[in-house]
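Here the structure comes first, spelled out in structure tokens, and everything after it is commentary.
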Amino acid sequence: MAQTALITGGAGFIGSHLAELLIERGWHCVVLDDLSTGRRSNLAALDGNPRFRFVNGVVEDRVITSALVKDADAVFHLAAVVGVKKVMENTVGTINRNLDATRTLLDACAVFGKRTVIASTSEVYGENPQATFVEDAASIIGNSKHRRWCYAAAKLLDEFYAYAHFHADGLPVTIVRLFNTVGPRQVGRYGMVVPNFIAAAKEGRPLIVHGDGSQSRCFTAVREVARAIADLSEKPQTAGNTYNIGNNQEITIADLAKLVIKLTGSPSPIIYRSYAEIFGENFVDLQHRRPDSTALREALGYAPQTPLTAVLEELINN
Ligand code: UDP
């Protein structure tokens with residue numbers, strides 16, 4: 001019999017790609033999303049499919065969540081307040097939602113003993129100075145006066161809670177730490193650099209680089225991220241473990257801006273602005289963020305590797 005997946009945050013950027021992939025693989029898919037940042041239109045390709053159902057609701061609602069978890073074979077928790085800009089603007093909401101939703105969901109998953117995947121973030125490595133982040137590295141979260149860190153701290157507590165249920169109740173939960181993910185349906189509204197740069201270049205507006213642009217990131221194609229999440233869920237031996245999902249091709253933000261200008265042929269200038277101008281005082285950025293993919297490779301036999309240029313070209317041409 002076909003399996004049923006519950007995807008919280010399934011109307012979001014990554015969740016909607018995961019929903020499409022699972023449907024393609026023959027799953028039934030229920031998406032629970034309150035459309036606070038996700039969009040119903042992200043799921044347009046699935047509307048009318050008899051194996052797809054959309055539920056407009058919040059994960060914190062125990063009654064709804066518990067009923068949906070009970071009927072699912074696997075649960076993917078992607079609902080969260082995301083984006084550095086949004087975190088800075090709505091810190092109270094970020095902490096409340098990221099903690100309450102995950103706790104409610106994990107409690108329900110534990111009651112029914114469901115296969116669970118929790119989406120966490122590379123932010124949890126914090127200011128760890130290692131060049132590449134290995135899953136068992138220490139989290140070095142910055143000072144609590146710096147609002148940015150509330151996201152990492154909340155997500156880290158979510159991870160602790162998942163492991164607590166793993167140990168206390170044998171919950172078969174896998175944690176995935178997502179690195180910078182890019183692709184169709186990502187919006188620039190919450191600060192993400194790639195959609196912002198592409199929109200600016202296409203419209204002839206300046207590309208705003210924060211700081212001196214020497215900070216670097218590794219960008220992973222969203223379909224590869226969705227595939228890795230789906231594949232991990234199908235490997236029961238990954239329960240009780242954490243996996244980085246990201247590729248390891250690093251690019252500085254200054255070079256990213258130049259690459260977008262080159263690929264679009266845009267006349268847009270590149271402008272450098274201090275972090276203080278963009279986010280106010282007390283903002284800390286991360287200089288490097290690169291995943292070690294050994295654990296993922298060992299679990300799945302592959303790691304994401306689509307070149308950034310291919311993703312950028314797809315975004316630019318659509
Ligand atoms: N950034 C930038 N210009 C923008 C948006 C972001 O220079 O218009 C920078 C941001 O400060 C960070 C990097 O690009 O250093 C990646 O930002 P994003 O929000 O995409 O992801 P993060 O890695 O911060 O979670």
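The values are calculated or read from the model by the stated rules, or taken from the named source; none is laboratory data. Since the model is a prediction, treat every value here as computed from it, not as a measurement. Please note: Cβ atoms are built from the backbone with ideal geometry, for glycine as well, and neighbour counts cover all protein chains shown.
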**Item:** Tally of residues being near the ligand (Cβ under 7 Å from one of its atoms) and either of a type outside the set (A, V, I, L, M, F, W, C) or surrounded by fewer than 16 Cβ atoms within 10 Å (Cβ to Cβ) (or both) across the range 182-208
**Value:** 2
**Fill in**
Subset of the range 105-131, residues at pLDDT below 95 and either in a loop (DSSP other than H, G, I, E, B) or surrounded by fewer than 15 Cβ atoms within 10 Å (Cβ to Cβ) (or both), comes to Glu127, Asn128, Pro129, Gln130, Ala131
**Qualifying strands (runs of 3 or more DSSP E) (wholly inside the range 28-82; at least 1 residues being under 20 Å from Phe13 (Cα atoms), in contact with a Ser or Thr (Cβ under 9 Å, 6 or more places away or on another chain) and not aromatic (Phe, Trp, Tyr))** = 28-33, 74-77
**Asked** If the Cβ limit is 9 Å and pairs must be 6+ apart or interchain, which residue in the range 148-172 that is farther than 14 Å from Ser120 by Cα and at pLDDT below 95 pairs with which residue that is of a type in the set (A, V, I, L, M, F, W, C) and part of a helix (DSSP H, G or I)?
**Response** Arg148/Val84; Arg148/Val87; Arg148/Met88; Arg148/Phe279
**Message:** Being within 22 Å of Ala230 (Cβ to Cβ) and assigned to a helix (DSSP H, G or I) is true for just one of Leu22, Leu6, Leu99. Which residue is that?
**Reply:** Leu22
**Item:** Tally of residues being closer than 25 Å to Ile23 by Cβ, touching a strand residue (DSSP E or B) at 6+ places or on another chain (Cβ under 8 Å) and surrounded by fewer than 21 Cβ atoms within 10 Å (Cβ to Cβ) across the range 209-231
**Value:** 0
**Message:** under 18 Å from the mean Cα position of the chain (by Cα), away from the ligand (no atom under 16 Å from the Cβ) and either under 18 Å from Val187 (Cβ atoms) or β-branched (Val, Ile, Thr) (or both): which single residue out of Thr94, Thr65, Thr102 fits that description?
**Reply:** Thr102
**Message:** Name the residue that is surrounded by the most Cβ atoms within 10 Å (Cβ to Cβ), counting only residues in the range 281-318 that are small (Gly, Ala, Ser) and touching a helix residue (DSSP H, G or I) at 6+ places or on another chain (Cβ under 8 Å).
**Reply:** Ala303
